[in-house]
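The values are calculated or read from the model by the stated rules, or taken from the named source; none is laboratory data. Given the structure is predicted, the values throughout are model-derived calculations rather than measurements. Heads up, the Cβs are rebuilt from the backbone with ideal geometry, glycines too, and the neighbour counts pull from every protein chain shown.
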Amino acid sequence: MCCVSRDVGSIPLLPRPRSIRPLGGGVKLELPLRAPVGGDGHSLAAGLPRSFFAADGKSRVKVCDTGGSPASVSARFPSEAYTLRIDVDGVCIHAATDAGVRNALRTLAQLLRAIGPELPCVEIEDAPAFGVRGVMLDVSRSRVPSMRELFETVDLLASLKINHLQLYTEHAFAYPWATEVWAGVSPMTPEEVRRLDAHCAGRGVELSANQNCFGHLKPWLVHERFAPLAETHGDWSFAGVPRSGPFSLCPIDPGSIRFVERMLGDLLPCFSSGLVNIGCDETYDIGQGRSKEAVERDGKAAVYGRFVAQVCKLVTDRGKRPAFWADIAAEHPRVLDMLPEEANALVWNYEPDADFSGPLGEARSRGMEGWVCPGTSSWRSITGRASERRANLQAAAARGLEAGATGYLATDWGDSGHHQVWPVALRAIAQGAEAAWRGWLDDDLLEPKAASAHALGAPGAAEWLDAFGDADLDLRQISGVPGDAGPTRLHNASALFSVLFPAREGLKLDHGAAWGLVRERIESLRVSVPGESGSLLHDELSHACDVANFAASLAIAREGRNTGGQATSATARLLGQIMHDHARLWCIRSREGGLADSLGYYRRLLEEVSG
């Protein structure tokens, strides 16, 4: 026994436990501890540091009998709940399931990382607010992580008590009959998915299939063999923004459902999970092409709903359960009447004023399960949108619990070349892990400190990223397309990113001296980039500073010259260096396929700034 003087409530843990009760005094644990094994005979500490837990550890972690009847045990210890007691007798865990034991071990690992083997005697009682706490990573917008990166990411997510993972797929799975679609993409192969699935299972993480089966299929429909399945190859409107070319499958073409059946037939056997995300979001082109007459006759909800119902049946016929993005159903609630009750409505929204309650209520009133799906706000940002992100993650937790959501899925997208560096997304994922476990985010400094320690791996990293993510906050508030009432807030993008790659015409980005203040903030943050010099964290965040600085400088140059975008040769050289660093850093975490597409966004910009 040793004397440990420490306020245990101030120890940074992520997610923070619901109850931490000091017992007085302390104890020095002999490391590594002997890792408990689960019902399948495998270690429940898989993915945690081997310096903390090992099969032949020096002292045993006792997994105590919860006692009582099965009913009373279930009431006291829900599926993932646990009690972790550290005292002079060592470590004892009370939990009803292997998942609960894993969660206790993850908390213990964080204590050891934060303090070392000399721990205060303490009893921690904890349980999650949401049964499913997930992350969705976009692997179809240029960037496909390497297998090593995916394995390390799963271990990190599991350590934060994330228990669900999806990899969003449009064309990044190596379907053997569609080589022209994924050529040059470096897709996930069936064997790789099975390996990842097994890795996830060993850490208590469910890996679910995620294949868009309706919209967002341009990577398929631009090819001659699949082009006849498109709704349109002409002009159409995406939520008021002009678009052109193929996007969605034609829902009245019998070939479309046969195409989806072939995809799912190859994909689903690679996953042990019973849940399948079939996508079906943002199908705004429906009714603007081949299905126009059917939509005029029956209504968009009926045409859309009939096709999604067919996709759902393909999933249920294979003994699995469909999940779908619920944006179209939110606009046309009667779509839900056409879908099977076992379907899971994924209610997504990425802004601070997100309405999660309404769509969830519609789904729940029909007996459906529903999840809330906020965003990391990392994409189309460079810096992240820290204030919007936090408010969005908070709203999803609070409104989701009120409306009976059973899952919380934080989504990380890669629109327009996937230029954000991983730490920007990871900061948001860590904050989402806190919100999903606890059901809210506290207004204190413990969560950022915990995220810095246990997710980002450098002191002050989360605090730095929060400041970086709001470098252009004041301009985000007034840079949207002006309306009758004046300037509007930017949605789904930062002002810095919009200077480089505007999503639509009419954005108000000419803010004069304000851009100079933004650049000053970025340069002020540059001198305190977290992480050791030469570390990947430091390199990635320094690169993000370069991109953000370039964007602010470009905005200033455009206004000063009033030439529609001309800039100095020095600016062009800076962009060339940014492209070089983007490619170098890309290859550390991601596969080469998709890099050329991502660099293409910069190349088009280089033509502008080179004159």
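For (1) in contact with a Ser or Thr (Cβ under 9 Å, 6 or more places away or on another chain); (2) aromatic (Phe, Trp, Tyr), each residue gets a yes or a no:
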{"position": "Phe271", "(1), (2)": "yes, yes"}
{"position": "Asp285", "(1), (2)": "yes, no"}
{"position": "Gln288", "(1), (2)": "yes, no"}
{"position": "Gly299", "(1), (2)": "no, no"}
{"position": "Ala302", "(1), (2)": "no, no"}
{"position": "Ala329", "(1), (2)": "no, no"}
{"position": "Leu336", "(1), (2)": "yes, no"}
{"position": "Pro352", "(1), (2)": "yes, no"}
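Checking each residue in the stretch 100-158 for being closer than 27 Å to Val347 by Cβ, part of a helix (DSSP H, G or I) and of a type outside the set (Val, Ile, Thr) picks out Asn103, Leu150, Leu156, Leu157, Ala158.
One residue alone among Val205, Val185, Val193 is farther than 26 Å from Thr316 by Cα, surrounded by 16 or more Cβ atoms within 10 Å (Cβ to Cβ), within 21 Å of the chain's Cα centre (by Cα) and touching a residue at least 12 places away in the same chain (Cβ under 8 Å), and that residue is Val185. Across the stretch 287-311, the qualifying residues are those that are without any contact (Cβ under 8 Å) to a residue 24 or more places away in the chain and part of a helix (DSSP H, G or I), and the one among them that is nearest to Trp236 (Cα to Cα) is Lys292. If the condition is being surrounded by fewer than 23 Cβ atoms within 10 Å (Cβ to Cβ), closer than 17 Å to Ala453 by Cβ and of a type in the set (A, V, I, L, M, F, W, C), then the stretch 112-123 contributes Leu112, Ala114, Ile115. Pairs meeting the criteria (first residue in the stretch 343-367 and more than 24 Å from Ser387 (Cβ to Cβ), second residue surrounded by 19 or more Cβ atoms within 10 Å (Cβ to Cβ) and of a type in the set (S, T, N, Q), beta carbons under 8 Å, at least 6 apart or on different chains) are Leu346/Asn277. Evaluation of Ser237 against the conditions (1) farther than 19 Å from Ala309 by Cα; (2) over 28 Å from the mean Cα position of the chain (by Cα) shows that the sole unmet condition is (2). Looking at Arg85, is it modelled with pLDDT of 95 or more, in the same structural domain as Arg18 (by TED's automatic domain parsing) and in a helix (DSSP H, G or I)? Judged against the criteria, Arg85 is not a match. Only one of the numbered conditions (1) among the hydroxyl-bearing types (Ser, Thr, Tyr); (2) in contact with a helix residue (DSSP H, G or I) (Cβ under 6 Å, 6 or more places away or on another chain); (3) surrounded by fewer than 22 Cβ atoms within 10 Å (Cβ to Cβ) is violated by Thr406, and that is (2).
Can you pull out the residues in the stretch 37-82 that are part of a strand (DSSP E or B) and at pLDDT 90 or above? Listed by number, the residues that qualify are Val37, Ser43, Phe53, Ala54, Ser59, Arg60, Val61, Lys62, Val63, Tyr82.
Of the residues that sit in the stretch 84-100 and are in contact with a His (Cβ under 9 Å, 6 or more places away or on another chain) and crowded, with 21+ Cβ neighbours inside 10 Å, which one is nearest to Gly47 (Cα to Cα)? This residue is Gly100.
Within the stretch 246-291, work out how many residues are on the phi > 0 side of the Ramachandran plot and either modelled with pLDDT under 95 or more than 28 Å from the chain's Cα centre (by Cα) (or both). Here the count works out to 1.
Among the candidates Ser553, Ser524, Ser542, Ser533, which residue alone is assigned to a helix (DSSP H, G or I) and within 18 Å of Leu585 (Cα to Cα)? Within the list Ser553, Ser524, Ser542, Ser533, the selection yields Ser542. Any residue at all in the stretch 487-501 that is of a type in the set (A, V, I, L, M, F, W, C), farther than 26 Å from Tyr602 by Cβ and not in a helix (DSSP H, G or I)? Looking through the stretch 487-501, none of the residues is of a type in the set (A, V, I, L, M, F, W, C), farther than 26 Å from Tyr602 by Cβ and not in a helix (DSSP H, G or I). Looking only at the stretch 403-412, decide whether some residue is part of a helix (DSSP H, G or I), under 20 Å from Val347 (Cα atoms), outside the structural domain of Gln110 (by TED's automatic domain parsing) and not acidic (Asp, Glu). Looking through the stretch 403-412, at least one residue is part of a helix (DSSP H, G or I), under 20 Å from Val347 (Cα atoms), outside the structural domain of Gln110 (by TED's automatic domain parsing) and not acidic (Asp, Glu).
Taken residue by residue, the stretch 269-276 has no member that is in contact with a helix residue (DSSP H, G or I) (Cβ under 6 Å, 6 or more places away or on another chain), in the same structural domain as Phe173 (by TED's automatic domain parsing), surrounded by 22 or more Cβ atoms within 10 Å (Cβ to Cβ) and not aliphatic (A, V, I, L, M).
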